[in-house]
Amino acid sequence: MLPDISRTLGGREALPALLDDIESGLSARGVPAAAIAAVSVALDEVVTNAFGHGGATTVEVAARVADGSVTVEVGDDGPAFDPTCAPEPDTGAELEHRHVGGLGIHMVMKLMDGVAYERRPGRNHLRLSKAVGL
């Protein structure tokens, strides 16, 4: 199935326009506002991490609505990193005793109904899914 929205980003500066396109595209397809917000926040975090922490030079994003869910595929050319294996942060610890980092990935895992990672030749591929009941 072809994606509803597909973009290749060469840097973080293209992210706001992509998020606008995702939000308007999902809204036009009848996706509830709460699901659009969750997908947007998760996608923002994943793409920002790919460029900022992962050192990616390009990030490809494809989104589609089918079978009652939104699926977003994110591919990047950064070093291998599987966010699904990241340790869960201790959100109950006192601030001064918390390890720095990991909250964004934790948030993505909590916002999405499914997160899957694959390393394919030279690229990270992350699939995010959110049930929307359409």
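Please determine whether any residue of region 64-72 is within 18 Å of ASN124 (Cα to Cα) and at pLDDT 95 or above. Yes, because at least one residue in region 64-72 is within 18 Å of ASN124 (Cα to Cα) and at pLDDT 95 or above. As a summary of the residue check, VAL39 satisfies the conditions (1) modelled with pLDDT of 95 or more; (2) more than 14 Å from ALA131 (Cα to Cα); (3) of a type in the set (Val, Ile, Thr) except for the one numbered (2). Is at least one residue of region 21-38 of a type outside the set (Gly, Ala, Ser), more than 23 Å from THR84 (Cα to Cα) and under 14 Å from the mean Cα position of the chain (by Cα)? There is at least one residue in region 21-38 that is of a type outside the set (Gly, Ala, Ser), more than 23 Å from THR84 (Cα to Cα) and under 14 Å from the mean Cα position of the chain (by Cα). What pairs come out if I take residues in region 69-82 that are of a type in the set (Val, Ile, Thr) and pair them with residues that are surrounded by fewer than 17 Cβ atoms within 10 Å (Cβ to Cβ) whose C-beta lies under 7 Å away, six or more apart or interchain? Hits for this filter: THR71/ARG127. Under the condition of being at pLDDT 95 or above, surrounded by 14 or more Cβ atoms within 10 Å (Cβ to Cβ) and either out of contact with any Phe, Trp or Tyr (no Cβ under 6 Å at 6 or more places or on another chain) or over 20 Å from VAL31 (Cβ atoms) (or both), the residues counted in region 124-134 number 6. Under the condition of being under 19 Å from GLY104 (Cβ atoms) and of a type in the set (S, T, N, Q), the residues counted in region 1-46 number 1.
When residues in region 22-42 are screened for being buried (at least 16 other Cβ atoms within 10 Å of the Cβ) and assigned to a helix (DSSP H, G or I), 11 of them pass. Do we find a residue being modelled with pLDDT under 90 and in a loop (DSSP other than H, G, I, E, B) anywhere in region 105-121? Checked region 105-121: no residue is modelled with pLDDT under 90 and in a loop (DSSP other than H, G, I, E, B). Looking only at residues of region 3-21 that are assigned to a strand (DSSP E or B) and not β-branched (Val, Ile, Thr), we find that the one that is surrounded by the fewest Cβ atoms within 10 Å (Cβ to Cβ) is SER6. The single condition among (1) modelled with pLDDT of 95 or more; (2) in contact with a Phe, Trp or Tyr (Cβ under 9 Å, 6 or more places away or on another chain); (3) not small (Gly, Ala, Ser) that THR57 does not satisfy is (1).
The values are calculated or read from the model by the stated rules, or taken from the named source; none is laboratory data. As the structure is a prediction and not an experimental result, all values here were calculated from the model. Glycine also receives a Cβ, built like all others from the backbone with ideal geometry; neighbour counts cover every protein chain displayed.
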